[in-house]
Structure formats: structure tokens, C-alpha cells
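Notes to accompany the following structure.
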Amino acid sequence: MPAKANEMSAKDGVKLDKSIYQRRETYIYIIIEYALIGVVLATGPVLPSNPILIFIEVIAIWHLLWVLWTNIVSKFNPSYRPKHKTRLIAKGPYQFIRYPFSTSVLLITFALVINHLTILRLIILLLLLATIIFRVRYEDKVFSQYFSDFPIYKQKTCRLIPFVF
């Protein structure tokens, strides 16, 4: 399909690409992630017994609440379908990491798996990490198409771990 036929509108430096609304890949990644998290929750205790792991989980939950608050204040659209005039969120935890929600999920899941370590749970954690990495790489490509300022934002932030990845 030619690029012009695919574009719905371009206002205020925001490109609205019809193909973004037809992306199922993100939903598939999310479903896989939730299923893997469900397996971790179903195969062991939900609260760690080790004080260090409790601390990691508390920090991750605090971080998750910070992400949610930033999203509420920024009128974030959780449907993975950018709306017209949607702006890139680059404040709060997003000024350091592009996918802070995923970082929180990984930290919480890590604490739960390490607390009650089994081969199955370790494999699930590694599968979850791989799925999240594939999703954020995919979403980087999609957001680069949608947000004109995403390449600059991408250079200033890491995907999941500040100053590392």
C-alpha cells in the first residue's frame, strides 16, 4: 500500500498511520506476558519471605504506581492504539526508561521467582524477559513511525534498565 494512502492525518508533527491501528503483534506479546506472569503466580507464593526480595518487590510496586500516576496525569491511552494528537510521555519514570511498566513487572516477577526458585519458574522468567525484549523492540519501531520526536527520545533513554539497556 502506498505511504500516502496509508496515512490518515499529520498535524502538530504527529503522524497518524492507519497501519498502527491494525497491529496485533503488541496484543499477542501482552497476552503471552500475562500468561507467563500467571504461571509464576500460580506456582509459588505471591509474597517473598526474604527481606531483600521483599524490598525489591516494594520498590517495584512503588515504581509501578509512579508509572500509573504519570500515565493518568498524561492521559495515557492504554489500548496500544495511539489516538490523534497523542503526545509522547517523556516525564516521570519515562525520562529514564521507555518501558517502565515492563521494568516493574520484571522486578516483581524476578523477586517472586528467586524467592521460590524452581526450574519451571526460572524458565518462565527467562521466557517473560525474552517476550518483553521482543515487544519493546517491536514497539520502538512502531513508535518511531508514529512520533516524530521518538528518535531523539530513544537516544536519551534506555528501554528497560536505566543506563544499561
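The values are calculated or read from the model by the stated rules, or taken from the named source; none is laboratory data. As the structure is a prediction and not an experimental result, all values here were calculated from the model. Heads up, the Cβs are rebuilt from the backbone with ideal geometry, glycines too, and the neighbour counts pull from every protein chain shown.
For this structure, a couple of remarks:
- Filtered residue count, region 116-165, keeping only those that are surrounded by 18 or more Cβ atoms within 10 Å (Cβ to Cβ) and acidic (Asp, Glu): 1
- Pairs are defined by a Cβ separation below 6 Å, a sequence spacing of at least 6 or placement on different chains, a first member in region 24-36 that is without any contact (Cβ under 8 Å) to a residue 24 or more places away in the chain, and a second member that is in a loop (DSSP other than H, G, I, E, B) and not acidic (Asp, Glu); no pair meets this definition.
- Residue within region 133-144 that is among the polar types (S, T, N, Q) and modelled with pLDDT of 90 or more present: no
- Filtered by the rule that a residue be touching a helix residue (DSSP H, G or I) at 6+ places or on another chain (Cβ under 7 Å) and either under 14 Å from Thr109 (Cα atoms) or loosely packed, with under 14 Cβ neighbours inside 10 Å (or both), region 30-45 gives Glu33, Leu36, Ile37, Val39, Val40, Thr43, Gly44, Pro45.
- Residue satisfying all of: in region 46-63; part of a helix (DSSP H, G or I) and touching a helix residue (DSSP H, G or I) at 6+ places or on another chain (Cβ under 8 Å); surrounded by the most Cβ atoms within 10 Å (Cβ to Cβ) among these: Glu57
- Residue pairs meeting the criteria (Cβ under 8 Å; at least 6 apart or on separate chains; first closer than 18 Å to Leu88 by Cβ, in region 99-112; second hydroxyl-bearing (Ser, Thr, Tyr) and surrounded by fewer than 22 Cβ atoms within 10 Å (Cβ to Cβ)): Pro100/Tyr94
Okay, residues lined up against (1) over 20 Å from Asp140 (Cβ atoms); (2) at pLDDT 85 or above:
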{"site": "Met1", "(1), (2)": "yes, no"}
{"site": "Gly13", "(1), (2)": "no, no"}
{"site": "Leu16", "(1), (2)": "no, no"}
{"site": "Glu25", "(1), (2)": "no, no"}
{"site": "Ala42", "(1), (2)": "yes, yes"}
{"site": "Phe55", "(1), (2)": "yes, yes"}
{"site": "Lys83", "(1), (2)": "no, no"}
{"site": "Arg87", "(1), (2)": "no, no"}
